[in-house]
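Reviewing the structure listed below.
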Ligand SMILES: Nc1ncnc2c1ncn2[C@@H]1O[C@H](COP(=O)(O)OP(=O)(O)OP(=O)(O)O)[C@@H](O)[C@H]1O
Ligand code: SF4
Ligand SMILES: [Mg+2]
């Protein structure tokens with residue numbers, strides 16, 4: 001396999017919280033010892049419950065926050081050591097799309113300035129006229145019109161604002177885009193359009209994507225690989241099809257048992273995910289999932305499992321002591337038409353399926 005475009009090795013980020021003159025601060029382990037790789041042109045999805053460290057990880061990869069320990073490289077260049085010009089070049093090559101398109105766009109700037117600003121930073125040799133032409137080209141790429149350049153963010157719908165955010169991210173000519181829940185703030189009807197736009201841009205421009213998403217339907221339809229996070233660590237990773245068909249970690253099995261599986265023509269075994277995720281201020285000993293795992297045994301309380309290869313497909317790894325036995329004792333049920341799905345989930349699933357299957361193959365602005 002070729003050298004990955006993005007590589008993180010043993011990345012951790014701890015935050016000190018609650019300290020005072022008389023009390024030592026506590027250490028919150030938001031991300032703990034995460035290693036991952038992303039190949040050129042692929043889409044990696046990062047998934048996990050709220051508070052599991054997805055945004056912290058993504059922000060570290062972009063150097064928007066500093067890691068406590070670990071290394072990161074982009075095309076072999078060390079991200080965590082980059083300074084000055086090297087850092088500017090990395091910021092040109094790696095861009096971020098935020099969850100909330102409204103708060104990430106300066107309301108006092110026109111769309112033309114918002115999209116033109118990164119062009120000015122990264123291509124200062126362009127004349128004002130060339131820059132305007134480039135802005136118009138970028139707006140067209142995301143399904144907006146040239147005259148939108150003179151308007152302000154508040155004049156647009158949520159989906160259009162996210163398109164502006166995407167145009168701004170594309171303005172520096174990046175090779176990799178990290179989207180932190182890029183559609184979760186949007187209306188369901190608009191989400192599929194924006195997801196489709198991102199997938200289309202990725203294919204046309206040869207982009208590499210790292211997408212954080214809560215919604216497994218989004219992940220199913222746009223990612224090549226998935227990393228599942230639990231309480232700061234990656235507990236399972238592998239090809240999307242393989243993970244969805246043959247999840248090995250009990251946490252992934254529980255997450256997936258909650259979504260529709262129309263594509264497979266069978267229901268999944270329902271594995272309840274009970275209770276709250278424990279606090280990263282005081283994570284459980286041994287396997288961090290043991291307090292909620294229906295398969296936990298005594299050994300799980302003391303011995304922390306490491307990511308290791310599964311029996312399913314190359315590159316599929318899971319951090320569970322007993323995944324072989326669990327898979328053998330809990331095979332998928334025989335084929336039956338899906339039940340146990342909510343109408344809302346089924347509708348959303350169909351929406352993404354249509355979008356990606358090409359019902360809406362070109363980006364377009366919603367009205
Ligand atoms: N600046 C900070 N100071 C202290 N704690 C923080 C800080 N940023 C994040 N955290 C904590 O780190 C943990 C991981 O947060 P993070 O935002 O990365 O999770 P997330 O998976 O992105 O969650 P969500 O799905 O809700 O966006 C949480 O417990 C959060 O409270
Ligand atoms: S190691 Fe034990 S507690 Fe952790 S996921 Fe596996 S069975 Fe469950
Ligand atoms: Mg987040």
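Worth pointing out:
- Hey, residue 67 outside the structural domain of residue 235 (by TED's automatic domain parsing), assigned to a loop (DSSP other than H, G, I, E, B), farther than 29 Å from residue 220 by Cβ and away from ligand 2 (no atom under 16 Å from the Cβ) or not: yes
- If you go through region 298-321 and pick out every residue that is near ligand 2 (Cβ under 8 Å from one of its atoms), closer than 15 Å to residue 249 by Cβ and either surrounded by fewer than 18 Cβ atoms within 10 Å (Cβ to Cβ) or touching a residue at least 60 places away in the same chain (Cβ under 8 Å) (or both), you end up with 2.
- Selected residue [more than 16 Å from ligand 3 (Cβ to nearest atom) and either buried (at least 19 other Cβ atoms within 10 Å of the Cβ) or not assigned by TED's automatic domain parsing to the domain that holds residue 156 (or both)] from 72, 109: 72
- Residues in region 75-92 that are crowded, with 18+ Cβ neighbours inside 10 Å and in a helix (DSSP H, G or I): 90, 91.
- Every residue from region 83-114 that is over 18 Å from residue 178 (Cα atoms) and in contact with a helix residue (DSSP H, G or I) (Cβ under 8 Å, 6 or more places away or on another chain): 106, 107, 109, 110, 111, 112, 114
- The residue that is farthest from the chain's Cα centre (by Cα), among those in region 124-159 that are in contact (Cβ under 8 Å) with a residue 40 or more places away in the chain and either outside any loop (DSSP other than H, G, I, E, B) or under 28 Å from residue 84 (Cα atoms) (or both), is 150.
Conditions tested, residue by residue: (1) away from ligand 1 (no atom under 16 Å from the Cβ); (2) at pLDDT below 95; (3) in the same structural domain as residue 249 (by TED's automatic domain parsing); (4) closer than 29 Å to residue 38 by Cα.
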residue: 288; (1), (2), (3), (4): no, no, yes, yes
residue: 297; (1), (2), (3), (4): yes, no, yes, no
residue: 301; (1), (2), (3), (4): yes, no, yes, no
residue: 304; (1), (2), (3), (4): yes, no, yes, yes
residue: 307; (1), (2), (3), (4): yes, no, yes, yes
residue: 313; (1), (2), (3), (4): yes, yes, yes, yes
residue: 317; (1), (2), (3), (4): yes, no, yes, yes
residue: 320; (1), (2), (3), (4): yes, no, yes, yes
residue: 323; (1), (2), (3), (4): yes, no, yes, yes
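- Strands (runs of 3 or more DSSP E) wholly inside region 182-259 that include at least 2 residues being more than 16 Å from ligand 3 (Cβ to nearest atom) and within 22 Å of residue 50 (Cα to Cα): 225-230, 233-239
- For region 14-28, the set of residues classified as more than 16 Å from ligand 3 (Cβ to nearest atom), on the phi < 0 side of the Ramachandran plot and either part of a loop (DSSP other than H, G, I, E, B) or under 22 Å from the mean Cα position of the chain (by Cα) (or both) consists of 14, 19, 20, 21, 22, 23, 24, 25, listed by residue number.
- Hits in region 50-64 - residues which are more than 8 Å from ligand 1 (Cβ to nearest atom), at negative phi and either part of a loop (DSSP other than H, G, I, E, B) or surrounded by fewer than 17 Cβ atoms within 10 Å (Cβ to Cβ) (or both): 62, 64
- Any hit, region 42-49, residues being surrounded by fewer than 22 Cβ atoms within 10 Å (Cβ to Cβ), within 16 Å of ligand 2 (Cβ to nearest atom) and either at pLDDT 95 or above or not assigned by TED's automatic domain parsing to the domain that holds residue 318 (or both): yes
- Residue check for residue 21: within 15 Å of ligand 1 (Cβ to nearest atom) and assigned by TED's automatic domain parsing to the domain that holds residue 71: no
- The residues in region 92-103 that are under 17 Å from residue 210 (Cβ atoms) and at pLDDT below 90 can be counted, and the count is 2.
The values are calculated or read from the model by the stated rules, or taken from the named source; none is laboratory data. This is a predicted model, so every value here is computed, not measured. Neighbour counts run over all protein chains shown; Cβ positions are idealised from the backbone, glycine included.
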